[in-house]
Amino acid sequence: MRDRHILRTLSYTTLMLCLSLSLMAEQPLSGKVIGTETSVDYTTYAQSRTVNTREMAFDGDMETCFASWERSYTWCGLDLTTPHVITRVGWAARNDGLGPNRMVLGVFEGANNADFSDALPLFIITEPAKIGAMTYADITVSRSFRYVRYVGPSDARCNVAELEFYGYAGSGSDKQLYQLTNLPTVSIKTEDMQEPYDKVHDINAFITIISEDGQQLLQAEGAVRLRGNASMEFPKKPYRLKFNKKQKVLTAPAKAKKWVLINNYGDKTLMRNLVAFDYSRRLGMDYTPYCQPVDVLLNGEYKGCYQLADQLDVREHRVDIDEMTPQDNSGVALTGGYFIEIDGYADREPEQARFYSARQHIGVTIKSPDEDSITAVQKSYIQSFFNQMEARVMSNDYTDPQNGWRSRLDEDSWLRHFLIGELTGNTDTYWSCHMYKRRGEDMLYTGPEWDFDIAFDNDYRQYPTCQKSDYVYVSAGTHATFVSRIIKQDPATAGSLLRLWSEARHNGITEEQVCSLIDSIADELQRSQELNFKRWPILSQDVHMNPRHAGSYQGEVSFLKDYVRKRIAWMDRKIGYTPSDAEQLSSTTTINYAEKVDVYTISGVPMAEQVDLFSLNLPQGVYIIRQQTHSQKIVVSR
């Protein structure tokens, strides 16, 4: 009996404790009201500190509201005095016709620093709010916070009638955090809430990355600034992140300080880079940049769906060559490594980090050594080497292994790069081309691939790409003559292209596999793209280089898949590939192009015997050349 009495007593005590906690959780938390100080008086549209103030978001009156003077990056919240685990948030819209929509994409955050530098997201509002009634959301974040707030979406003056926060005092943990969608969430808090304004000046920042369904957290000090060229002019800005210490970010192979957030403003599929990088891997490029879709917050304001990617720099798991120092000015040390870019924007770069080639006046930017450390001797060396390579490409001597272009420009990486550019229909391939030179080698290698937002039929200057009879490079870029010397005027190139394209086709570059990849990426991006196009409602507009718009995300994805199907077939015809080529080209060609060959039509009819291939003026078409027991298919383009 005594044991039963004890159990009844314990049960009653437990019940009362649970009831007490339940009642506590049902009471809105109170504290000192904090937030943006200046408000707007809508009767006069003057700045105020007495009308529509932040306190009105917590006065229990649905007819009053907080409306900030500034239109963006404004907020209101509570100092709870001690840390609390937040279990629920509530909100109500300002009582006017614009009120409900002005809360869409508003973000709730919690922090333990008064400036919210360490803030974590709690919840993002995705639907219009109610007028005269609260809407609630349960919060599953396990960390406790002293400070909580609501950050209004861009251009909304914060506009909120009522806010409520619920929870309980406690120490909390980082066991469960919040992601805006299934994608990792990147949150950037800048010093004094400054907005990045150019690609020169870094702004101190605290960077947070939440991933693995809220189970993984990276928080570190660093800096942020804008990046890019044309993309920097878009309303949706691209950013470069720089941690104070090297970091392993998400699943990226590299450990580094510098990372980029690609904005994909003109690419309404939000995936063109991802598909192109898959091509790069399947075509066997030595290094393909890491790239992961993410959701981005800046000072609590939702910015959209981005791609977190490697900064293209010299280090292990990126451009893996020797990193030069200012002391590397002689001997083998002077020969590398160099990382350069054929750059249509070279004129915007510092004088010490750029040059123009001697023959074609091609603009080149030196990426590494960077502008702050490169010496005059190093610049002179790489400029001279590039000019030497260019001269050999522009000469007519294609066969001399000592003096031909293949002795200074790696054929394999250059042609793989060419195939990726043409397969994607990327005009930027001929506006920006990265190259690197290893220490102790007299060779320039091409790569990595980069910048495909206007590829895949997304450039009105080139659209419709697959209806054109010739390659993209003919009508695009800064170095078409240079490219033509390799692709059209060197007869041996066609055979190499056919071999590499055959390998790629049998490494998964097929209509079925690429379209399946696109569908899987679209599924992954579904929730994030919905938020992105609420923030940037451009699906029914032509922006940047768009030649057309579909009016829906799925329509944009369909445009991409349609291009992929047509372009693979186009490349097959242009290069002269047929399914049986896999067997014909599986071994390395051993034909010596400096010696005489026999020439046949593609159907096997003899055309010429024991001739110099380079002096034979063949019409455009596909041919077979034979030398002793070896044969190879070649394509002649005009």
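The values are calculated or read from the model by the stated rules, or taken from the named source; none is laboratory data. Just so it is clear, the model here is predicted, and its values are computed rather than measured. Quick reminder, even Gly has a Cβ in these numbers, built from the backbone with ideal geometry, and neighbours come from all protein chains shown.
Answer yes or no as to whether residue 247 is part of a strand (DSSP E or B) and within 24 Å of residue 35 (Cα to Cα).
Values: part of a strand (DSSP E or B): yes; within 24 Å of residue 35 (Cα to Cα): no.
Spelling it out, it is not the case that residue 247 is part of a strand (DSSP E or B) and within 24 Å of residue 35 (Cα to Cα).
Residues of the stretch 89-137 being basic (Lys, Arg) and surrounded by fewer than 19 Cβ atoms within 10 Å (Cβ to Cβ), which ones?
First pass over the stretch 89-137, keeping only residues basic (Lys, Arg): 94, 102, 130.
130 - this is the single residue of the stretch 89-137 that is basic (Lys, Arg) and surrounded by fewer than 19 Cβ atoms within 10 Å (Cβ to Cβ).
Cβ-Cβ below 6 Å, separation at least six or inter-chain, first residue in the stretch 468-486 and among the basic types (Lys, Arg), second surrounded by 21 or more Cβ atoms within 10 Å (Cβ to Cβ): which pairs?
Cβ pairs passing all conditions: 485/393.
Being assigned to a strand (DSSP E or B) and free of Cβ contacts under 8 Å to residues at least 60 places away in the same chain is the filter here, so list the residues in the stretch 331-361 that pass it. Can you show your working first?
Keep residues of the stretch 331-361 that are assigned to a strand (DSSP E or B), which gives 338-343, 354-356.
354, 355, 356 - these are the residues of the stretch 331-361 that are assigned to a strand (DSSP E or B) and free of Cβ contacts under 8 Å to residues at least 60 places away in the same chain.
Could you list, in sequence order, all residues of the stretch 56-80 that are in a strand (DSSP E or B) and within 23 Å of residue 167 (Cβ to Cβ)? I'd like the intermediate steps shown before the answer.
The initial filter retains those residues of the stretch 56-80 that are in a strand (DSSP E or B), namely 66, 68, 75-80.
Within the stretch 56-80, 66, 75, 76, 77, 78, 79, 80 qualify.
Go through the stretch 159-179 and give me each residue that's closer than 22 Å to residue 208 by Cβ and buried (at least 24 other Cβ atoms within 10 Å of the Cβ).
Residues of the stretch 159-179 that are closer than 22 Å to residue 208 by Cβ, as a first pass: 165, 167, 170-179.
Within the stretch 159-179, 165, 167 qualify.
Looking only at the stretch 565-589, which residues are at pLDDT below 65 and not small (Gly, Ala, Ser)?
Going through the stretch 565-589, the residues at pLDDT below 65 turn out to be 580-589.
581, 583, 584, 585, 588, 589, listed by residue number.
Can you confirm whether residue 231 is among the small types (Gly, Ala, Ser), touching a His at 6+ places or on another chain (Cβ under 9 Å) and not in a strand (DSSP E or B)?
On the way: among the small types (Gly, Ala, Ser): yes; touching a His at 6+ places or on another chain (Cβ under 9 Å): yes; not in a strand (DSSP E or B): yes.
Yes; evaluated as a whole, the condition is true for this residue.
Condition check ((1) touching a Lys or Arg at 6+ places or on another chain (Cβ under 7 Å); (2) among the aliphatic types (A, V, I, L, M)) across all residues:
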{"residue": "208", "(1), (2)": "no, no"}
{"residue": "222", "(1), (2)": "yes, no"}
{"residue": "232", "(1), (2)": "yes, yes"}
{"residue": "244", "(1), (2)": "no, no"}
{"residue": "252", "(1), (2)": "no, yes"}
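Taking the stretch 250-282, which residues are in contact with a Cys (Cβ under 8 Å, 6 or more places away or on another chain) and either under 19 Å from residue 188 (Cα atoms) or assigned to a loop (DSSP other than H, G, I, E, B) (or both)? Steps first, answer last, please.
Taking the stretch 250-282 as the starting set, the residues that turn out to be in contact with a Cys (Cβ under 8 Å, 6 or more places away or on another chain) are 262, 264, 270, 273-274, 277.
Across the stretch 250-282, the qualifying residues are 262, 264, 270.
In the stretch 506-529, which residues are touching a residue at least 60 places away in the same chain (Cβ under 8 Å) and either more than 16 Å from residue 456 (Cβ to Cβ) or basic (Lys, Arg) (or both)? Talk me through it step by step, then tell me what you get.
Initial filter on the stretch 506-529 (touching a residue at least 60 places away in the same chain (Cβ under 8 Å)): 506-509, 514, 517-518, 521-522, 524-525, 527-529.
506, 507, 508, 524, 527, 528, 529 - these are the residues of the stretch 506-529 that are touching a residue at least 60 places away in the same chain (Cβ under 8 Å) and either more than 16 Å from residue 456 (Cβ to Cβ) or basic (Lys, Arg) (or both).
Residues that are within 21 Å of residue 276 (Cα to Cα) and free of Cβ contacts under 8 Å to residues at least 12 places away in the same chain: does the stretch 488-503 have at least one?
no
Taking residue 469 as the residue in question, decide whether it is under 30 Å from residue 153 (Cβ atoms), out of contact with any helix residue (DSSP H, G or I) (no Cβ under 8 Å at 6 or more places or on another chain) and of a type in the set (Gly, Ala, Ser). Can you show your working first?
Details: under 30 Å from residue 153 (Cβ atoms): no; out of contact with any helix residue (DSSP H, G or I) (no Cβ under 8 Å at 6 or more places or on another chain): yes; of a type in the set (Gly, Ala, Ser): yes.
So residue 469 fails the test.
For the stretch 99-106, does any single residue satisfy the condition of being assigned to a loop (DSSP other than H, G, I, E, B), under 27 Å from the mean Cα position of the chain (by Cα) and over 27 Å from residue 52 (Cα atoms)?
Narrowing the stretch 99-106 to residues assigned to a loop (DSSP other than H, G, I, E, B): 99-100, 104-106.
Now narrow it down to the ones that are under 27 Å from the mean Cα position of the chain (by Cα): 104-106.
Right, trim to over 27 Å from residue 52 (Cα atoms) and you get none.
Within the stretch 99-106, none of the residues are assigned to a loop (DSSP other than H, G, I, E, B), under 27 Å from the mean Cα position of the chain (by Cα) and over 27 Å from residue 52 (Cα atoms).
For the stretch 204-219, give me the residue count where each residue is outside any loop (DSSP other than H, G, I, E, B) and surrounded by fewer than 17 Cβ atoms within 10 Å (Cβ to Cβ). Lay out the reasoning, then the answer.
In the first step, residues of the stretch 204-219 are kept if they are outside any loop (DSSP other than H, G, I, E, B); the result is 204-211, 216-219.
Going one step further and asking which of them are surrounded by fewer than 17 Cβ atoms within 10 Å (Cβ to Cβ), we end up with 204, 216-219.
Selection size over the stretch 204-219: 5.
Give all pairs with beta carbons closer than 7 Å in which a residue from the stretch 424-444 that is in contact (Cβ under 8 Å) with a residue 12 or more places away in the chain and within 24 Å of residue 271 (Cα to Cα) meets a residue that is part of a loop (DSSP other than H, G, I, E, B) and acidic (Asp, Glu); count only pairs at least 6 apart in sequence or on separate chains.
425/457; 427/459; 428/451; 432/451
For residue 264, work out the one condition from (1) surrounded by fewer than 23 Cβ atoms within 10 Å (Cβ to Cβ); (2) on the phi > 0 side of the Ramachandran plot it doesn't fulfil.
Every listed condition holds for residue 264 apart from (1).
Among the candidates 243, 234, which residue alone is touching an Asp or Glu at 6+ places or on another chain (Cβ under 9 Å), aromatic (Phe, Trp, Tyr) and surrounded by fewer than 20 Cβ atoms within 10 Å (Cβ to Cβ)? Before you say what the answer is, go through the steps one by one.
Values: 234 fails: touching an Asp or Glu at 6+ places or on another chain (Cβ under 9 Å).
When all the criteria are applied, what remains is 243.
Residue pairs, Cβ under 7 Å, 6 or more apart or interchain, first in the stretch 146-175 and closer than 13 Å to residue 29 by Cβ and at pLDDT 95 or above, second surrounded by fewer than 23 Cβ atoms within 10 Å (Cβ to Cβ) and among the basic types (Lys, Arg). List them.
The qualifying pairs are 166/88.
With the condition kept exactly as written, say whether any residue in the stretch 484-502 is modelled with pLDDT under 95, farther than 30 Å from residue 613 by Cα and surrounded by fewer than 22 Cβ atoms within 10 Å (Cβ to Cβ).
Within the stretch 484-502, none of the residues are modelled with pLDDT under 95, farther than 30 Å from residue 613 by Cα and surrounded by fewer than 22 Cβ atoms within 10 Å (Cβ to Cβ).
Only one of 375, 446, 465, 399 is modelled with pLDDT under 95, assigned by TED's automatic domain parsing to the domain that holds residue 350 and of a type in the set (Ser, Thr, Tyr); which?
Details: 375 fails: modelled with pLDDT under 95; 446 fails: modelled with pLDDT under 95; 465 fails: modelled with pLDDT under 95.
Answer to the check: 399.
Does residue 364 qualify as being within 11 Å of residue 486 (Cα to Cα) and either modelled with pLDDT of 95 or more or part of a helix (DSSP H, G or I) (or both)?
Working: within 11 Å of residue 486 (Cα to Cα): no; either modelled with pLDDT of 95 or more or part of a helix (DSSP H, G or I) (or both): yes.
When the stated conditions are applied, residue 364 does not pass them.
Starting from residues that are among the aliphatic types (A, V, I, L, M) and more than 19 Å from residue 447 (Cβ to Cβ), keep the ones in the stretch 347-371 and report whichever is surrounded by the most Cβ atoms within 10 Å (Cβ to Cβ).
Restricting attention to the stretch 347-371, the residues satisfying the condition of being among the aliphatic types (A, V, I, L, M) are 353, 358, 362, 364, 366.
In the following step, the residues that additionally are more than 19 Å from residue 447 (Cβ to Cβ) were identified as 353, 358.
Values: 353: 20, 358: 15.
Ranking the qualifying residues of the stretch 347-371, first place goes to 353.
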